[in-house]
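What follows is a set of notes on a single structure, which appears directly below.
Taken together, the values in this text are just the output of simple stated rules run on the coordinates, not laboratory data. Note that the structure is a prediction, hence the values are computed from the model and not measured. Cβ coordinates were reconstructed from backbone atoms using ideal geometry, including for glycine residues, and neighbour counts include every protein chain displayed.
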Amino acid sequence: MNKLDKTMLNNGSYGLFENIRLNEGSIPNTKSSTIQLYPNLGLNANKVIVEFENTGTFYISNGNQIVYNFIANKLSFNDYLHSFITGLLLFQRGHLLLHGNSCIWTDQHIAFCGESGVGKSSLAAQFHKNGALFFCDEIICFDKLSNITLPGFPFLRLWKNDLDYNKFNSSLVSKLWNNEEKYKLDTSSQRVDVDKELDILIYLETDDSLNSPQLKEVTGTEKVTTFWSSYYQRPVIDSIELTAQFNQQSFDILKTLRVFKLKRPNHKESRLECFELIKKALK
């Protein structure tokens with residue numbers, strides 16, 4: 001069985017095809033030199049071992065090597081590789097990461113960030129369905145030297161209800177996880193694959209007291225803290241002591257980046273309202 005999806009090696013997503021070794025082999029024992037952040041995750045500044053039950057184990061080192069030990073669940077294994085494992089490797093390269101997705105809409109590069117489950121993917125799907133060019137999903141990566149964002153893997157992760165709602169071409173859809181109704185939409189024919197400056201960040205939150213979504217631009221201290229709230233895997237950042245570096249880099253990024261907060265009711269019907277509200281604000 002060909003268990004490894006080699007998307008990471010076959011294109012320039014996040015710059016990973018440059019100077020990376022990806023191979024199956026024995027996982028080194030590094031417990032004596034790593035901090036156990038979670039029961040399944042041990043790490044230090046340049047080494048990480050992470051285990052996923054009934055799926056596989058990964059060893060990531062020096063920002064250029066991944067050794068894996070596959071057990072089962074090919075789909076889930078490959079999504080771990082192209083999400084959390086990718087993020088750990090990019091941290092080792094010193095890149096600042098946000099948790100979210102982004103697209104190009106009317107020549108503006110827009111990111112949708114926030115906690116899991118607030119509707120980032122649903123909103124991205126609305127924009128993609130209406131012609132936006134895909135840029136990245138799950139991880140938004142700022143180059144550590146230029147503050148420019150690096151394009152991600154050419155697929156958008158979506159739950160089944162988003163697929164049903166938007167009725168995407170079934171030939172572009174494939175299963176993402178073995179045991180969950182989550183899928184990936186092939187965006188390779190509708191994407192930007194060159195580095196781009198980020199223009200707008202929209203931070204999503206749910207608010208059950210609302211009847212309709214509300215969007216406002218934030219400035220000053222709230223702008224900074226909203227950006228910091230978007231960091232990908234904050235406990236990992238803190239553990240490998242990248243927080244000060246990323247915070248300093250963020251001040252340069254925020255000189256030109258506009259930041260908005262979008263609060264929405266916690267029901268699926270609000271996705272179209274959010275889409276229309278953002279379109280109106282960006283005219």
**Complete:** Options (1) 1.16; (2) 1.28; (3) 0.99 are given for Cα Rg over 2.2 N^0.38 Å, and the computed one is (3)
**Request:** Report, ordered by chain and residue number, the lysines lying within cross-link reach of Lys31, taken as a straight Cα distance under 20 Å and ignoring same-chain residues fewer than 8 apart.
**Result:** Lys47
**Message:** If I model a spin label as a point 7 Å beyond the Cα along the Cα-Cβ vector, how far apart are those points for Glu222 and Glu51 in nm?
**Reply:** 4.6 nm
**Message:** As I understand it, the dipole of the chain uses +1 on the Cβ of Lys and Arg and -1 on the Cβ of Asp and Glu, about the Cα centre. Which of Ser13, Asn54, Asn40 lies farthest toward its positive end?
**Reply:** Ser13
**Request:** Please work out whether region 1-134 counts as rounded, prolate or oblate from its C-alpha gyration tensor, where a ≥ b ≥ c are the square roots of the eigenvalues and a/c under 1.5 means rounded, while otherwise a/b larger than b/c means prolate and anything else oblate?
**Result:** prolate
**Request:** May I ask you to derive the FRET efficiency for Ser212 and Asp164 from their Cβ-Cβ distance with R0 = 25 Å, giving the value to the nearest 0.05?
**Result:** 0.60
**Request:** Choose one answer from Tyr165, Tyr203, Tyr231: the residue with the largest mean-square fluctuation in a GNM of the chain with alpha-carbon springs under 10 Å.
**Result:** Tyr165
**Request:** May I ask for the net charge around His109, where only other residues with Cβ less than 9 Å from the Cβ of His109 are counted and Lys, Arg are +1 while Asp, Glu are -1?
**Result:** -2
**Request:** Work through the residues other than Tyr203 whose Cβ is under 15 Å from its Cβ and net out their charges, Lys, Arg +1 and Asp, Glu -1.
**Result:** +2
**Message:** Can you bin every Cα-Cα distance in region 59-174 into 10 Å intervals starting at zero and give me the percent of pairs per bin, rounded to whole numbers?
**Reply:** 12, 40, 34, 13, 0
